[in-house]
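Peer 1: Just passing along the structure, written as structure tokens.
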Amino acid sequence: MKIVFFGTPDFAVASLKALVDHGFEVVAVVTATDKLGGRGGKQLLQSPVKTYALSQNIPVLQPANLKSEGFVDELRSFGADVQVVVAFRMLPEVVWNMPAMGTFNVHGSLLPKYRGAAPINWAIINGEKETGVTTFKLKHVIDTGDIAIQKKMEIFSDDTAGTVHDRMMELGAEAIVETLELLREDRLTFSPQQEGESCPAPKIFHEDCQINFQKDANQVHNFIRGLSPYPGAWTTFEDQEMKILKTVPYSEDLTEPAGRFVFSKKTLKISCDTGCIEVLQLKPEGKRQMEVADYLNGRR
């Protein structure tokens, strides 16, 4: 079974590595083009998937246009039986419909819930206690293909998007290996997604990350941890943007308007519509991420 793998970030590396470690023949990798970054923004940076693929001597393709005739012809030349997509952009039909055994995606939710670009973030923001990964076969409408395998995982009360991401990365790798092993043995079965159970998980932009303190403290807490460590929930304080990265919710009211910062010698609390949150980690504009004790010491 020849496999072409599509992916870019660290999340995808775990799945690619698992396929290689389990003896699957990955004949090529498709990833994002190199980007300028690093100190001064002048260093050409390659994606984590490219770095790993090159370490394994796997050919790497970096098309700017997935519909270009040159890329499609080169992709076809590898003669893949199946394609695997993990954390990559939307594929045109000429690409996903190419291999005889289909193209499979690893998605970070229990589909049909949380279709979209940010399933981990939105599950935590919405206070979910459980999430998981789904492998499914691509078709025309994004994230709607027939389900191959689902694996569940708990969302703990102190989880952030970062901690869930890291555990889910490994769970997704397990799921795609199991999916392709069953496919290779002709034992893979599919289940159609049940419509009506979906929750949207759209891409999150900077303006979406502003904290609304006119909510219950638990809702505010979930919003903050669902965006931590990246992109980071933010508010304004003393005319500057401040990211709030780690909090604890309390039911006690501070008898202050929602959004008011309340300082003591050792704590920083922010009033919510109901209850309040205590800030444990934050990042003032233009400064490093810090524990609240360091921030309070600096203010003194």
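Peer 1: State which residue pairs qualify: first residue within 25 Å of Pro229 (Cβ to Cβ) and in contact (Cβ under 8 Å) with a residue 40 or more places away in the chain and inside the range 166-185, second residue of a type in the set (Val, Ile, Thr) and in a helix (DSSP H, G or I) in any location, beta carbons under 8 Å apart, and separation of 6 or more residues or different chains.
Peer 2: Taking only residues 6 or more apart or on different chains, the pairs are Met168/Ile120.
Peer 1: Restricting to the range 183-209, and then to whatever is surrounded by 15 or more Cβ atoms within 10 Å (Cβ to Cβ) and touching a strand residue (DSSP E or B) at 6+ places or on another chain (Cβ under 9 Å), can you tell me which residue is nearest to Val82 (Cα to Cα)?
Peer 2: Looking at residues that are surrounded by 15 or more Cβ atoms within 10 Å (Cβ to Cβ) and touching a strand residue (DSSP E or B) at 6+ places or on another chain (Cβ under 9 Å), I get Leu183.
Peer 1: Quick check, is Gly132 touching a Leu at 6+ places or on another chain (Cβ under 6 Å) and either assigned to a helix (DSSP H, G or I) or assigned by TED's automatic domain parsing to the domain that holds Asp166 (or both)?
Peer 2: Working: touching a Leu at 6+ places or on another chain (Cβ under 6 Å): yes; either assigned to a helix (DSSP H, G or I) or assigned by TED's automatic domain parsing to the domain that holds Asp166 (or both): yes.
For Gly132, the condition - touching a Leu at 6+ places or on another chain (Cβ under 6 Å) and either assigned to a helix (DSSP H, G or I) or assigned by TED's automatic domain parsing to the domain that holds Asp166 (or both) - is met.
Peer 1: From the set of residues in the range 258-280 that are of a type outside the set (A, V, I, L, M) and out of contact with any Phe, Trp or Tyr (no Cβ under 9 Å at 6 or more places or on another chain), which is nearest to His221 (Cα to Cα)?
Peer 2: Per the criteria, the residue is Thr274.
Peer 1: Of all residues being more than 15 Å from Ile149 (Cβ to Cβ) and among the small types (Gly, Ala, Ser) in the range 100-132, which is surrounded by the fewest Cβ atoms within 10 Å (Cβ to Cβ)? Just the residue, please.
Peer 2: Ala100
Peer 1: State which residue is farthest from Phe261 (Cα to Cα) when the search covers only the range 157-216 and only residues that are of a type in the set (Gly, Ala, Ser) and more than 13 Å from the chain's Cα centre (by Cα).
Peer 2: Within the range 157-216, the match that is farthest from Phe261 (Cα to Cα) is Ser191.
Peer 1: Farther than 14 Å from Lys215 by Cβ and either outside the structural domain of Phe237 (by TED's automatic domain parsing) or without any contact (Cβ under 8 Å) to a residue 24 or more places away in the chain (or both): is that true of Lys265 in this structure?
Peer 2: no
Peer 1: Val85 passes all but one of (1) free of Cβ contacts under 8 Å to residues at least 24 places away in the same chain; (2) crowded, with 17+ Cβ neighbours inside 10 Å; which number fails?
Peer 2: Result: Val85 fails condition (1) only.
Peer 1: Count, please, the residues in the range 273-300 that happen to be closer than 15 Å to Thr236 by Cα and part of a loop (DSSP other than H, G, I, E, B).
Peer 2: Result for the range 273-300: 3.
Peer 1: So, of the residues in the range 133-142 that are crowded, with 22+ Cβ neighbours inside 10 Å and not polar (S, T, N, Q), which turns out to be farthest from the chain's Cα centre (by Cα)? Steps first, answer last, please.
Peer 2: Let us first name the residues in the range 133-142 that are crowded, with 22+ Cβ neighbours inside 10 Å, namely 133-136, 138.
With the extra rule that they be not polar (S, T, N, Q), the set shrinks to 133, 136, 138.
Working: Val133: 11, Phe136: 17, Leu138: 19 Å.
By that ranking, first place goes to Leu138.
Peer 1: Only one of Asp166, Asp208, Asp158 is over 25 Å from Thr274 (Cβ atoms) and acidic (Asp, Glu); which?
Peer 2: Asp166
Peer 1: Every residue in the range 146-189 that is in contact with a Gly (Cβ under 9 Å, 6 or more places away or on another chain) and either assigned to a strand (DSSP E or B) or modelled with pLDDT under 95 (or both), please.
Peer 2: Gln150, Lys151, Lys152, Met153
Peer 1: Considering only the range 1-97, give the helices (runs of 4 or more DSSP H) lying wholly within it that have at least 1 residues that are among the acidic types (Asp, Glu).
Peer 2: Answer list for the range 1-97: 10-21, 69-77, 93-96.
Peer 1: Read through the list (1) without any contact (Cβ under 8 Å) to a residue 60 or more places away in the chain; (2) part of a strand (DSSP E or B), then give the number of the only condition that Pro231 fails.
Peer 2: Going through the list (1) without any contact (Cβ under 8 Å) to a residue 60 or more places away in the chain; (2) part of a strand (DSSP E or B), Pro231 breaks only (2).
Peer 1: Right, something else. Are there any pairs, at least 6 apart or on different chains, whose C-beta atoms fall under 6 Å, with the first in the range 29-51 and in the same structural domain as Gly79 (by TED's automatic domain parsing) and at negative phi and the second in a helix (DSSP H, G or I) and hydroxyl-bearing (Ser, Thr, Tyr), and if so, which?
Peer 2: Partner pairs satisfying both residue conditions: none exist.
The values are calculated or read from the model by the stated rules, or taken from the named source; none is laboratory data. Note that the structure is a prediction, hence the values are computed from the model and not measured. Glycine also receives a Cβ, built like all others from the backbone with ideal geometry; neighbour counts cover every protein chain displayed.
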